[in-house]
Amino acid sequence: METYTIIDDKASQTKNWTLTGYSRENTDSGTLYTKLYQSAGNYCLELYSDAERTSENLVAQGNIANSKGKLTLAEANNSGLSGEVQIDYSQDAEFKLVAFYACYEDLSEVERNLDALLDENGKIAGRPRFEIFLEHAKKLIDVHVEVRFLRSGLSEPPTREQIKEPASLKTPAVYAALASLYWYLKSDFNDANFKQALTYERKLGDWLATQPIVFAREDTEIVLEASAVYLRRA
């Protein structure tokens, strides 16, 4: 399972995404809008923070001379966002990418003074600004979504690409990321970090046990609750 959710890349031209420096400022609440195309013998990929893909909202871009290979994305417009991706170009395309359900700013709303945990380079566990824990949280939530699919009993269950509002998963992703962070920091089973990890695990469990996740498929909404599923007109 990819860490990032790729939506409408019908030709499956990208994989193995790695992004860093993402925030709510340089994305659309976690969603990025891509443009993959060929130009002057190069294969180009651009990321935007708006669905219209306007030049002022270009946040990262890169190109390579071959149609297949690793493409490095450099920040654009001082966005702070960069990364890399494996491309296998076959046609020009536009698609979406959900980079996160929660980001650094969301963690800081819940836990103050997190910056004190970062090293002099702004990293922890070898990654900038808690990104390793945020990505773990997204994977954990995606696994939970998959479990709801299996339990739904639908002949054609929705996919995580059809989550109606990825931003609606911010709260459980924050709890999951903070639980993962404090597990990483704990030194034994009696210290304050261990207790914090358990606190956020309980909060995450309570959310997952009580809150629905809504998917959109054409003109129908599919609501997957923890123990039930129902359909409604969008």
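One table, with the values for the structure above:
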| read-out | value |
| --- | --- |
| Selection from Ala60, Gln86, Leu208, by position along the positive dipole direction of the chain (Cβ) | Leu208 |
| Local net charge near Glu46, Cβ-Cβ under 10 Å (Lys/Arg +1, Asp/Glu -1) | +1 |
| Solvent-free Debye scattering, log10 I(q)/I(0), computed from the Cα coordinates of the range 160-212 at q = 0.17 Å⁻¹ | -0.56 |
| For the range 102-117, 3J(HN,Hα) per residue [Karplus equation, 6.51 cos²θ - 1.76 cosθ + 1.60, θ = phi - 60°, Hz, x = Gly/Pro] | 9, 10, 4, 4, 5, 4, 5, 5, 9, 10, 7, 6, 5, 4, 5, 8 |
| Net charge, Phe194 excluded, C-beta distance under 10 Å - Lys, Arg +1, Asp, Glu -1 | 0 |
| Charged-residue dipole, Cβ positions (Lys, Arg, Asp, Glu), the chain about Cα centre, Debye nearest 20 | 540 |
| P(r), alpha carbons of the range 119-179 - 10 Å bins starting at zero, rounded % | 21, 41, 25, 10, 3, 0 |
| Relative packing of 161-167, 219-225, which averages over residues the other C-beta atoms within 10 Å, highest first | 161-167, 219-225 |
| Residue-wise HN-Hα coupling along the range 84-96, computed from phi with Karplus coefficients 6.51, -1.76, 1.60 (Hz; x: Gly, Pro) | 7, 7, 8, 10, 9, 5, 10, 6, 4, 7, 10, 8, 10 |
| Extension reserve of the Asp191-Thr18 stretch, reckoned as 0.36 nm per residue once the Cα distance is removed | 58.9 nm |
| CD proxy at 222 nm, helix term only [per DSSP H run n ≥ 4: -39500 (n - 2.57); per residue of the chain; nearest 500] | -9000 deg cm²/dmol |
| Farthest positive-ward along the range 104-233 dipole, Cα basis, beta-carbon charges - from Phe149, Ser108, Val174 | Phe149 |
| Column: log10 I(q)/I(0), Debye, Cα scatterers of the chain, q = 0.13, 0.14, 0.15 Å⁻¹ | -0.85, -0.96, -1.07 |
| Non-local Lys pairs in the chain, i.e. 8 or more apart or on different chains, that have alpha carbons under 14 Å apart | 12 |
| Value of relative contact order over the range 53-120, rounded to a whole percent, pairs C-alpha under 8 Å and six or more apart | 21 |
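Bear in mind these aren't lab numbers, they're just calculated from the coordinates by the rules spelled out. Quantities reported herein were computed from a predicted structural model and do not represent experimental measurements. Don't worry about glycine lacking a Cβ; one is built from the backbone with ideal geometry, like all the others, and counts go over all protein chains shown.
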